[in-house]
Amino acid sequence: MRFEKEIKIRVDSLDEIEKKLKELGATLVSNCFERNYLFDRENELFRKGEALRLRSFCDKAKLTFKGKRISSTNYKIREEIETPVGNFEAMAKILRKLGFRESFYYEKKRKNYKLEKCLISLDETPLGKFIEIEATEEIIDRVAQLLGFSRRDYITKGYVEMALEKGLKRLCFQCGD
Ligand code: CA
């Protein structure tokens, strides 16, 4: 089983972080506008704490299953199964045929940086700017520290969770909500 381990940190400026990352020798691996669709069958997955996400980004797509969150105070840890999808529309149709419906939509602008075994995402979202650090617990702490943050700054919530807490039905830059 592959587990995703990550944390988010809310920041004022992504430019500053990006500058630091470059100084540390991190390399930019992608820079995409993402459209994310959660699919569910009458909240079946949501109730179990699981998620099925179809993401469209930079003319590519991928399907991700996320398992129930594993209890951890400082980090967000979930099983993750992910695969590239050749045709976004066809995959969405298959999911609908299986009884799944889009249950949440969210957008973000994401720049991915790689620093050794760590993935650092610089996210611009309708909720604000965040960085996400994905690695082992030890590396997350080390990289966060290098960027000037500590465990006190860690957010273990996902964007969907943050949106739902605010009563938002979707996270969209120009939807007019
Ligand atoms: Ca992640």
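The values are calculated or read from the model by the stated rules, or taken from the named source; none is laboratory data. Predicted model only: the values in this text are computed from it and were never measured. Note that each Cβ is placed from the backbone with ideal geometry, even for glycine, and that neighbours are counted across all protein chains shown.
Determine whether Thr136 is within 22 Å of Glu34 (Cα to Cα), within 15 Å of the ligand (Cβ to nearest atom), polar (S, T, N, Q) and surrounded by fewer than 19 Cβ atoms within 10 Å (Cβ to Cβ). Reasoning before the result, please.
On the way: within 22 Å of Glu34 (Cα to Cα): no; within 15 Å of the ligand (Cβ to nearest atom): yes; polar (S, T, N, Q): yes; surrounded by fewer than 19 Cβ atoms within 10 Å (Cβ to Cβ): yes.
No, not satisfied.
Please specify each residue of region 124-152 satisfying the condition of being in contact (Cβ under 8 Å) with a residue 60 or more places away in the chain, within 18 Å of Asp12 (Cα to Cα) and assigned to a strand (DSSP E or B). Before you say what the answer is, go through the steps one by one.
Kept after step one, since they are in contact (Cβ under 8 Å) with a residue 60 or more places away in the chain, are these residues of region 124-152: 124, 128-137, 140, 144, 146-149, 151.
Remaining after also requiring within 18 Å of Asp12 (Cα to Cα): 124, 128-133, 144, 146-149, 151.
Scanning region 124-152 gives Glu124, Gly128, Lys129, Phe130, Ile131, Glu132, Ile133.
Looking at Glu107, Glu89 in this structure, which one is more than 15 Å from the ligand (Cβ to nearest atom), of a type in the set (Asp, Glu), modelled with pLDDT of 95 or more and assigned to a strand (DSSP E or B)?
Result: Glu107 is the single residue among Glu107, Glu89 that is more than 15 Å from the ligand (Cβ to nearest atom), of a type in the set (Asp, Glu), modelled with pLDDT of 95 or more and assigned to a strand (DSSP E or B).
For the list (1) within 25 Å of Glu124 (Cα to Cα); (2) within 16 Å of the ligand (Cβ to nearest atom); (3) in contact with a helix residue (DSSP H, G or I) (Cβ under 9 Å, 6 or more places away or on another chain), I need the number of the one condition that Glu34 fails.
All conditions are met except number (3).
For region 4-28, enumerate the residues that are surrounded by 12 or more Cβ atoms within 10 Å (Cβ to Cβ), over 14 Å from the mean Cα position of the chain (by Cα) and either within 14 Å of the ligand (Cβ to nearest atom) or touching a residue at least 40 places away in the same chain (Cβ under 8 Å) (or both).
Hits for region 4-28 are Val11, Leu14, Ile17, Glu18, Lys20, Leu21, Leu24, Ala26, Leu28.
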